[in-house]
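Right, one structure below, let's go through it.
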Amino acid sequence: MINFDKLNEEVEKRGSIITLDNGLTLVLEDTPGSRLIAGEFVIDAGSCHEKPQEAGLMHFIEHACFSNGSRNYPDKSLRDRRASLLGLELNAITNYYKINFPVMVIGNSPLLKDNFFESMKIVSDLIFYPILNEESIKNVKPIVLRELFEKEQKLSADSYSKVNRKLSKIMFGAKAFSPLDGLGSEESIDSITLDRLIDKHSRFFVSNNTIFNLVGDIDSERDKIIDLLSNFPYGKKNKPKFIKGRKFNGSEIKNFKQPIKTDNVDVLIYYQIPNENSLKSYDFQLLIFALSGGWGSLLYEKLREEKKYVYSIGSKTFDHGRTGYLEISYTVKTDKLKESLDSVDECIKNIKAGEFSNDLVNSYKARILPKVILGLQGSGWVKDELFSRYCKEQLGFESTSLERIKRIFNLTKDDVVNAANEYLNDDKLIVIIS
């Protein structure tokens, strides 16, 4: 049984809450010896702070923070590349009450604290000092609209969501909130202007409207972190007012009674992998990461960042019987279907020919090595025995922690190319369009 009194005492002993001179709230929990430092900027702003005509603006600003460079990192591509090498995933989440910008670095390196501090500088700079211009509007609008379309399509086909929406309307009436509230509507997104974007950002994305949560072995870095946080801009206007009981900003519930008609199609691409155990090999995992592993991958950069065909790309592996499968999925407008498939084909040809940056390999190592190192921690012969058996049966080699780490460390660009030519074959390809 967990001794909650003792646990609370320990948290209170290690933790502290500090309000800085610029109004920023810093929540600290020092965990000496930890191999993980995790932080999160929380902006006290969400869809509940929007007026009806502003529906989706907070979510739009979140995307705009990433769309260009920032004051100290004016070149977006260089900033994103540096973040990738640090193992930092640039991402954020906007919900009804707040916007979260995570900062996390894992490792067993003397550079852990330096890497975290640099990651913290990158994220804080794009939050408080983004370059907002007409290009931001142009880049973000299609991404947000794509997300809105995909959400509408998903909700229209989800029986659970339909029941939930109807129940919400019965219980709360006009005060109920649509699942699309935070995304806005096509009309509200189209009406967003640069002046409105800058005004809202300058009022909400300020130090006295921000909390920074920090957990890790950071005692020696406390002064440096506080110094950085103390320089963020203070809001001149009053704290944003919470708008209670706001009616729907997006579609009313009645609009969900019939399936929403869209001109989107879902694309599922499957590659059959003859040996299911190959799914667990590091060269195959690196291949997936480079091709479709989310932010920074070839398909992500081509289909979303360059062509703006899609909002997101999903990938996963699974086995059925003795056969493994790699699944790549995305949603695209019907008139862009052929172009998107041509782009996928182009990316696969490029990865087979080795026409991609070695930064993808380094980024994979930066993300996976610390997790593997952490996963190997622990004691007890049971865990050691199970781990040894897993490596021998599934990964094909006698296990030692060091050997596994070496396998990842020694991965090269050639391993990606070889895996692509071995596994991504047209005769093992299945494409489903619905």
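The numbers here are math on the coordinates, done by the rules we state, and not lab data. None of the values given here were measured: they were computed from a predicted structure. Glycine gets a Cβ as well: all are built from the backbone with ideal geometry, and neighbour counts include every protein chain shown.
Taking amide H as placed 1.01 Å from N in the peptide plane, the amide H of Gly324 sits under 5 Å from that of Ile273, Asn275, Glu276, each at least 5 places away or on another chain. Peptides 70-78, 55-63, 21-29 ordered by packing proxy, namely the average of other Cβ atoms within 10 Å per residue, highest first: 55-63, 21-29, 70-78.
Here the label points at Asp414 and Asp190, each 7 Å from Cα along the C-beta direction, are separated by 5.5 nm in the simple model.
Are any of the pairs Lys113/Lys280; Lys141/Lys200; Lys336/Lys413; Lys280/Lys333 more than 25 Å apart by Cα-Cα distance, and if so, which? Over 25 Å apart, Cα to Cα: Lys113/Lys280; Lys336/Lys413; Lys280/Lys333.
Where does the charge balance sit around Leu90 when Lys and Arg score +1, Asp and Glu -1, over other residues with C-beta under 9 Å from its C-beta? Value of the local net charge: -1. Other residues within the sphere of radius under 13 Å centred on the Cβ of Asn68, judged by their own Cβ, net out at -2 (K and R +1, D and E -1).
Sorting Ser363, Ser202 from the fewest to the most surrounding beta carbons within 10 angstrom yields Ser202, Ser363.
Taken along the Cα-to-beta-carbon direction at a fixed 7 Å, the label points for Glu339 and Lys307 span 0.8 nm. Simple spin-label estimate for Asn133 and Glu422 gives 4.7 nm between the two label positions (7 Å along the Cα-to-Cβ direction from each Cα).
Please compute the length gained on full extension between Glu346 and Ile433, using 0.36 nm multiplied by the number of residues separating them and subtracting their Cα-Cα distance. Display every interim value, and only then the final one.
On the way: separation 87, 0.36 × 87 = 31.32 nm, distance 1.88 nm.
Going from the current span to full extension adds 29.4 nm.
Go ahead and run the numbers for FRET between Asn275 and Lys406, Cβ-Cβ distance against an R0 of 25 Å, rounding to 0.05. Once the sixth-power term is evaluated, E becomes 0.65.
Can you give the FRET efficiency to the nearest 0.05 for Val265 and Tyr97, using r as the Cβ-Cβ distance and R₀ = 22 Å?
On the way: r = 35 Å, r/R0 = 1.57.
With R0 = 22 Å, the Cβ-Cβ based efficiency is 0.05.
All other residues whose Cβ lies under 14 angstrom from that of Ala419 are scored, Lys and Arg at +1 and Asp and Glu at -1, for a net of +1. Short-range pairs are left out: with C-alpha atoms under 8 Å and at least six residues apart, the relative contact order of segment 266-345 is 38 percent.
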